[in-house]
Amino acid sequence: MRGRSLGPRFRWLWSAYAVSAFGTWLGFGAFPMLAILVLHAGPAAVSALAAVGPAVGALVAVPLGPWVDRRRKRPVMVGMDLVRFGALVSVPACYALGVLSFAQLLAVSVVVAAADITFSSASGAFLKGLVPPEDLLVANGRFESTNWTATALGPPLGGAAFAVFGPVTSVVANAVSFLLSALGIRAIGGEEPRPRTADRLRVRDLADGW
């Protein structure tokens, strides 16, 4: 059937997405659990972790839209995967050293949220250049089915890993998933055309992102 085989470059992108999606949902809820069980944070602090981190991350990421628009998308995607890996892997590292703090969890939440939004902005544009327009529906359908599968399976498996293997296990899995995603995106290969809007970014262009 036409559109069913989207080529090896799409398969690399899809594989990278699948790995990071399952890692994200495995780690779903890990930070609040760490805050409660390890740092003994109260309800207000846990609520702030759940809401303030992503909100501030969005405030940071939204103005970066014009910056992403002026860059080749694949390097941005790899960079955001590595940022998320570095931020998340700092949590188990600090936990092992006995220096994990609530402030660190909040900072990592902000960084990961900002990188999530920036990655999504770049990946949507990259996909449009990777597959023909008539195959975009099939491609997006595969991403959606993968995401729903990860959403259904990830949280219970992550909770079980948290209980059986320790409080930072799902965070480690999430971090490693972004590293594997970066490697998968690099493996896509091929040439990415230079963006049509590649002139120097001005400060006022960042304000346009709002």
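The values are calculated or read from the model by the stated rules, or taken from the named source; none is laboratory data. None of the values given here were measured: they were computed from a predicted structure. Note that each Cβ is placed from the backbone with ideal geometry, even for glycine, and that neighbours are counted across all protein chains shown. Ligands, DNA and RNA are stripped out before the accessible areas are found, and what is left, the full protein with its side chains, is counted by its heavy atoms. Shrake-Rupley method; radii C 1.70, N 1.55, O 1.52, S 1.80 Å.
Among the candidates GLY65, GLY53, GLY29, GLY23, single out the residue that is at pLDDT below 90, under 28 Å from GLY141 (Cβ atoms) and touching a Leu at 6+ places or on another chain (Cβ under 9 Å).
Only one candidate qualifies: GLY65.
Could you count how many residues in region 11-65 are over 19 Å from the mean Cα position of the chain (by Cα) and not hydroxyl-bearing (Ser, Thr, Tyr)?
Summing the residues that are over 19 Å from the mean Cα position of the chain (by Cα) and not hydroxyl-bearing (Ser, Thr, Tyr) in region 11-65 gives 15.
Considering only region 26-38, how many residues are assigned to a helix (DSSP H, G or I), open to solvent by 60 Å² or more (accessible area, probe 1.4 Å) and in contact (Cβ under 8 Å) with a residue 60 or more places away in the chain?
Number of matching residues: 2.
Which of the residues that make up region 159-168 are open to solvent by less than 40 Å² (accessible area, probe 1.4 Å) and either over 24 Å from PHE85 (Cβ atoms) or at pLDDT 90 or above (or both)?
VAL168
Would it be correct to say that ALA41 is in contact (Cβ under 8 Å) with a residue 12 or more places away in the chain, closer than 12 Å to ALA115 by Cβ and surrounded by fewer than 20 Cβ atoms within 10 Å (Cβ to Cβ)? Write out each step before concluding.
On the way: in contact (Cβ under 8 Å) with a residue 12 or more places away in the chain: yes; closer than 12 Å to ALA115 by Cβ: no; surrounded by fewer than 20 Cβ atoms within 10 Å (Cβ to Cβ): yes.
Spelling it out, it is not the case that ALA41 is in contact (Cβ under 8 Å) with a residue 12 or more places away in the chain, closer than 12 Å to ALA115 by Cβ and surrounded by fewer than 20 Cβ atoms within 10 Å (Cβ to Cβ).
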